[in-house]
Amino acid sequence: MDLKWYAHADAPRVRSTLLDIHDVVYAHDPDPFHTRERFAYFVDLWSGREDWSCVSGWEGDGPVGYAYGSAFKPGGWWKGAVRPRDVRGRVFALSELMVLPRWQGTGRAQPLHDALVRSVEADFVTLLVDAAHPKVRALYERWGYERRENFQPSDDSPRFAVMVRSLRGA
């Protein structure tokens with residue numbers, strides 16, 4: 001898999017690719033939380049940050065998936081969740097990790113994740129996992145994450161598990 005890196009300035013150029021991958025991944029999901037319009041809002045929110053980073057994977061001429069995120073401002077945390085006392089220093093929020101269905105289960109997600117995490121300067125990386133997906137949470141646990149709490153950031157969102165991984169000494 002070939003990897004490509006993007007920064008804040010590249011966001012307008014890669015936006016449609018991110019949205020198109022999302023559309024394929026969630027094509028059969030009736031949950032209104034996963035609409036293209038709602039996801040576009042989050043793509044724009046995250047990629048609008050100066051330190052936004054994204055890694056995409058490619059096989060031949062086609063995309064495999066991507067991972068993106070941004071650092072929290074000092075003291076920042078997920079809206080509505082409680083920042084753990086032991087999570088101090090630079091924190092990178094992994095906002096999305098998405099792999100097209102034809103590539104799911106083929107080992108492509110971890111290289112995307114690892115490439116993104118290695119490219120940022122942080123003491124911790126954190127992410128949210130839909131609490132209704134225990135297999136996804138277990139995957140992140142195998143990658144060194146710990147679940148810290150569950151929360152629901154908005155009335156119409158799923159309940160999420162907040163997961164944290166220390167990068168100190170990694």
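Numbers for the structure displayed
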item: Overall dimensions of the range 1-41 by Cα: Rg and Dmax, Å; result: 12.0, 33
item: Rounded accessible area per residue of the chain, 1.4 Å, Å²; result: 54
item: Accessible surface of the chain [probe 1.4 Å, protein heavy atoms]: carbon and sulfur percent; result: 50
item: Added length on full extension, which subtracts the Cα-Cα distance from 0.36 nm per residue, Lys4 to Asp123; result: 40.5 nm
item: Percent of C-alpha pairs per 5 Å bin, the range 66-128, short to long; result: 4, 17, 27, 20, 14, 10, 7, 1
item: Zone residues, the range 28-47, relative to Asp155, backbone N less than 16 Å from point 7 Å out along Cα-to-Cβ; result: 32-33
item: Burial ranking of peptide ranges 93-105, 145-157, 35-47 (average Cβ count within 10 Å, highest at the top); result: 93-105, 35-47, 145-157
item: Signed unit charges on C-beta, dipole axis of the chain, positive-most listed residue Pro158, Ala27, Ala40; result: Pro158
item: For the chain: relative contact order, % (alpha-carbon pairs under 8 angstrom, 6 or more apart); result: 20
item: Top positive-direction residue, dipole computed over the chain with Cβ charges, set Gly62, Pro134, Ser16; result: Pro134
item: Dipole magnitude of the chain, debye to nearest 20 (Cβ charges: Lys/Arg +1, Asp/Glu -1, about Cα centre); result: 620
item: Tensor-based shape of the range 102-170 (alpha-carbon gyration tensor, a/c under 1.5 rounded, otherwise prolate or oblate); result: oblate
item: Computed P(r) (all Cα pairs; the range 26-101; 10 Å bins; percent); result: 15, 39, 33, 11, 1
item: 222 nm mean residue ellipticity, helices alone, for the chain (DSSP H n ≥ 4; -39,500 (n - 2.57); rounded to 500); result: -8500 deg cm²/dmol
item: Shape metrics for the range 3-145, restricted to C-alpha atoms - Rg then Dmax, Å; result: 14.8, 45
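The values are calculated or read from the model by the stated rules, or taken from the named source; none is laboratory data. All values reported here derive from a predicted model rather than from experimental measurement. In this analysis, Cβ positions are derived from the backbone assuming ideal geometry, glycine residues included, and neighbour counts consider all displayed protein chains. When the accessible area is computed, the model is the full protein with side chains, heavy atoms only, and any ligands, DNA or RNA have been set aside. Shrake-Rupley method; radii C 1.70, N 1.55, O 1.52, S 1.80 Å.
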